[in-house]
Amino acid sequence: MTDVTSAKSARRPHHWRRDLIELAALFTAVAVADAIANLIGHQPDGPYLLAASAVALTATATFHTWWARRHSHAPPPTADGPSADHDSSGPDRSTDRLIAATRTGTTAGAVAPVTAPTAAGPALSAGETVLWRMRTTVRDTPGSLAELCIALARHRVDILTLQTHPLAEGTVDEFLLRAPAPLQMQQLSRAVSAAGGSSTWIERADAHDLVDAPTRILGLATRTALDAAELPLALRQLLGRCTIHSLPAVSISGRATGETAPVEGVLEETVMRLRDPSGGAITIERPYLPFTPTEFARARALVELDARLGPRVPRSEHVLTLPEGNEITVRRADQSDLAAARAMHDRCSDQTLRLRYHGPVRDADRYLDHLLSPRFGRTLAVQTASGRLVALGHLLWDGDETEVALLVEDDWQRRGIGSELLGRLVTLAIEAGCESVYAVTQASNTGMVAAMRALALPLDYQIEEGTLVITARLEATPVRSLPPYEQAGR
């Protein structure tokens, strides 16, 4: 459109009358100036009057130019103009952004980046900032979210992401905030309450929370699709700090437990129950924060994905050479290895089984079906070149905690297999985000104690009636790279 306008201007006809008028005005001005100069110049003070007039004329012209530029009557730039996107933090742009953030413009479970407007310019001044995750319930009326955004803006808080969880009454809004470091959590909570927020929950966030919800959920779904043992971990990362229990339909002794859940699941405030694809039920508890219908639908979708894909475990292997030269293979194990694991039990001494299972030796085989199930954790198996299973290492999800357990056949003990398995299990626990792992053994089991100490991690010891519980803290441990047989499954 601009090119067309310029072309039209270029073809505009020349007006000779305008040139004639301008020429006449020029000659008139010269004649008037000559007459004034002759009249004043012959006076005694004539030269001084002419100089003063020139100065006054120059000053007047300068003032007129400054005044015209300062009080321009040019129209404001349009949305298509060059400066339309120059400043997105001015009053008009901030108002538009705030209106867009009101309740009428959001959808259920949507994620939208929002910047809270401030009267002083950018949302955050230069300086150190921290990330917060905040969830609050607001009235489901137009403008309620805008009031909350204004309250956050007064404290120079930047809204990075926003998710909405509609309820029967009100709406739960979940924010990721960047706030000035001096702003305390109590101050933030009071500001939100004053703006109409209720049931507010706030905790510190980190860079991992900057990933938007759809991307994070797709990543969790991919992990679950690759490995059935990932389902409890995926649910925990999806729902935050929560306790997850997998309750089998049949106990270790073979009796029915009665644990089940409807196909559609059950949501009760801070508890949800979902049907376990392998039988039984999955119970998820979060006492400090009620679940929303949106979270319930996401969790149910992950469980349904797991059910449709059926049993699956990454089938990669890692070959190691022991100090004496024998080669062993470390790989993931599941319930298809049940017969080989029972055969290993038969070759183990009663003392070895008693140290591992802390109970009657005749009950050892009953635990294997539970231990090899991906629903309750991950199992690593060690087999020889001939294919014989000689060791098992278990990483078990135990609610909020994680247990490690080892069983090495007698003839293969004292060769470093237990330490190798334990180190790999701890690596898996760190990769899964566990804060600690614990091992339950007997005080006389010097091999397990030595393997735990070889981890070079902070250890806590508790002993009661001969039972020793050793806890290794992992929160300060850097994540190590996964072994090849785990990398292939990612």
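Summary table below
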| quantity | calculated |
| --- | --- |
| Residue in segment 356-366 that is modelled with pLDDT of 90 or more, open to solvent by 10 Å² or more (accessible area, probe 1.4 Å) and on the phi < 0 side of the Ramachandran plot present | no |
| Residue list for segment 218-232, restricted to those being free of Cβ contacts under 8 Å to residues at least 60 places away in the same chain and open to solvent by less than 30 Å² (accessible area, probe 1.4 Å) | 230 |
| Residues (in contact with a Leu (Cβ under 6 Å, 6 or more places away or on another chain) and closer than 13 Å to residue 242 by Cα) located in segment 264-282 | 282 |
| Residue match in segment 295-306 (condition: more than 15 Å from residue 236 (Cα to Cα) and surrounded by fewer than 20 Cβ atoms within 10 Å (Cβ to Cβ)) | yes |
| Pair list, Cβ < 7 Å and 6+ apart or interchain, from segment 348-363 residues that are under 12 Å from residue 409 (Cα atoms) to residues that are assigned to a helix (DSSP H, G or I) and at pLDDT below 90 | 350/361; 353/361; 353/364 |
| Test: residue 205 is open to solvent by less than 50 Å² (accessible area, probe 1.4 Å), of a type in the set (Gly, Ala, Ser), under 25 Å from residue 129 (Cα atoms) and touching a Gly at 6+ places or on another chain (Cβ under 9 Å) | no |
| Output for segment 177-199, where each listed residue is surrounded by 15 or more Cβ atoms within 10 Å (Cβ to Cβ) and either touching a residue at least 60 places away in the same chain (Cβ under 8 Å) or of a type in the set (Lys, Arg) (or both) | 178, 197 |
| Among residues of segment 370-390, those that are in contact (Cβ under 8 Å) with a residue 60 or more places away in the chain, open to solvent by less than 40 Å² (accessible area, probe 1.4 Å), under 26 Å from residue 251 (Cα atoms) and outside any loop (DSSP other than H, G, I, E, B), counted | 5 |
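This table checks each residue for (1) small (Gly, Ala, Ser); (2) assigned to a helix (DSSP H, G or I); (3) within 27 Å of residue 268 (Cα to Cα).
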residue: 141; (1), (2), (3): no, no, yes
residue: 146; (1), (2), (3): yes, yes, no
residue: 150; (1), (2), (3): no, yes, no
residue: 161; (1), (2), (3): no, no, no
residue: 164; (1), (2), (3): no, no, yes
residue: 168; (1), (2), (3): yes, no, yes
residue: 175; (1), (2), (3): no, no, yes
residue: 178; (1), (2), (3): no, no, no
residue: 201; (1), (2), (3): no, no, yes
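The values are calculated or read from the model by the stated rules, or taken from the named source; none is laboratory data. Predicted model only: the values in this text are computed from it and were never measured. A quick note on method: Cβ atoms are made from the backbone with ideal geometry, for glycine too, and the neighbour counts reach across all protein chains shown. Heads up: the accessible areas ignore ligands, DNA and RNA and are worked out on the full protein's heavy atoms, side chains in. Shrake-Rupley method; radii C 1.70, N 1.55, O 1.52, S 1.80 Å.
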